[in-house]
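Q: Below is one structure. I have some questions about it.
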Amino acid sequence: MTWRATVLTLFPEMFPGPLGLSLAGRALARGDWSLEARDIRAHAADRHRTVDDTPFGGGAGMVMRPDVVDAALDACGDGRPAVYLTPRGRLLTQAMVRRFAAGPGVVLLCGRYEGVDQRVIEARGLTEISIGDYVLSGGEPAALVLLDACVRLLPGVMGAAASAEEESFAAGLLEYPHYTRPAEWQGRRVPDVLLSGHHAEVAAWRAAEAARVTRERRPDLWQAHLTAMQGTAIADPAVTP
Ligand code: ADE
């Protein structure tokens, strides 16, 4: 079965956008997944195709009407998880991406204006997801990000390189640095161990580098990694105090 993505948006022209190119675009052309961008405005009931209104209680901006959003969601009706992209949502993680990719697909609701009426979020049991602690002008770029992350995990979309990379992230560490030819460039040499041909030493160096980079840049991930390693039988060569 094809993994199906439906995006509900006021700007369907934003899709497939970057997802029509490169890896995701080739997978789309092959039929490994499908993408349908639907205009929320098509579900407006009045002559003016109104999708939003002023917030009760006052304040700046406009709020998307629950009846219009509900009708748009009805039109995709099936068992796929329905996600509302919003900076108020839970932060998107690789674990969540893995779960979405393993299912039948997703329905993604992109908000504009100040947001979507709370009642339709509750009534439809929408999963609210944020892609990071910053505010975009709409959910569309977030939908593109979520879809890109899912599509690369679909069967047959990426080869061995991706699964190796995915495993390293699954272990909760950032990646070690990569090098290619030339061995010396602008006076900078590739670390000797990588030219040595000693596979075990290369693996140990990479594990140590992944640990160092994670500790320096993402103390939150590093702590989580240490906690996950506690009590496991396998000693982690990357762990250095
Ligand atoms: N819409 C606006 N900002 C967003 C964010 N950071 N994540 C998801 N959707 C958004």
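Q: Roughly how tilted is helix 140-151, in degrees to the nearest 10 and between 0 and 90, from the longest Cα axis of the chain?
A: 50 degrees
Q: Going by a ≥ b ≥ c, the root eigenvalues of the Cα gyration tensor, does region 74-201 fall in the rounded group (a/c under 1.5), the prolate group (a/b larger than b/c) or the oblate group?
A: Details: a/c = 3.39, a/b = 2.26, b/c = 1.50.
In terms of gyration-tensor shape, prolate.
Q: For the chain, what is the mean residue ellipticity at 222 nm derived from helices alone (per DSSP H run of n ≥ 4: -39500 (n - 2.57); sum divided by total residues; nearest 500 deg cm²/dmol)?
A: Values: 9 runs with 90 residues, N = 241.
Theoretical 222 nm ellipticity from helices: -11000 deg cm²/dmol.
Q: Hey, another quick one. With the alpha-carbon atoms as the only input, what is the per residue convex hull volume for region 3-151 in Å³?
A: Working: hull volume 17.0 nm³, N = 149.
Spelled out: Cα convex hull of region 3-151, divided by residues, is 114 Å³.
Q: Could I ask something else about it? Between Arg119 and Ala228, what FRET efficiency follows from the Cβ-Cβ distance if R0 is 30 Å, with the result rounded to 0.05? Don't jump to the answer; show the numbers that get you there.
A: Working: r = 39 Å, r/R0 = 1.30.
Efficiency at R0 = 30 Å is approximately 0.15.
Q: Still on this structure: Give the value in nm², to one decimal: projected area of the alpha carbon convex hull of region 167-235, averaged over all directions.
A: Working: hull surface 22.7 nm².
Quarter of the Cα hull surface area: 5.7 nm².
Q: Using a 1.4 angstrom probe on the protein heavy atoms only, could you order Met229, Met96, Met64, Met1 from most to least accessible area?
A: Met1, Met229, Met96, Met64
Q: So the label point goes 7 Å from the Cα of Ala208 along Cα→C-beta, right? Which residues of region 182-196 then have their backbone N under 18 Å from it?
A: Only 189-196 fall inside the zone, counting backbone N under 18 Å.
Q: With charges set only on the Cβ (+1 for Lys and Arg, -1 for Asp and Glu), what does the dipole of region 167-235 come to about its Cα centre, in debye to the nearest 20?
A: Numbers: 8 positive and 8 negative charges, 33 e Å.
Its charge dipole is roughly 160 debye.
Q: What whole number of Å gives the distance from the Cα centroid of region 1-79 to the Cα centroid of region 89-132?
A: That distance is 12 Å.
Q: Among Gly17, Pro191, Gln118, flag the residue with its Cα farthest along the positive direction of the charge dipole of the chain, charges on Cβ as +1 for Lys/Arg and -1 for Asp/Glu.
A: Checked the options; the winner is Pro191.
Q: Tell me the carbon and sulfur percent of the accessible area for the chain, rounded to whole percent, probe radius 1.4 Å.
A: Values: 7810 of 14080 Å².
Carbon-and-sulfur percentage of accessible area, whole number: 55.
The values are calculated or read from the model by the stated rules, or taken from the named source; none is laboratory data. Keep in mind it's a predicted model, so treat the numbers as computed, not measured. Quick reminder, even Gly has a Cβ in these numbers, built from the backbone with ideal geometry, and neighbours come from all protein chains shown. What goes into the accessible areas is simple: the full protein's heavy atoms, side chains included, and nothing from ligands, DNA or RNA. Shrake-Rupley method; radii C 1.70, N 1.55, O 1.52, S 1.80 Å.
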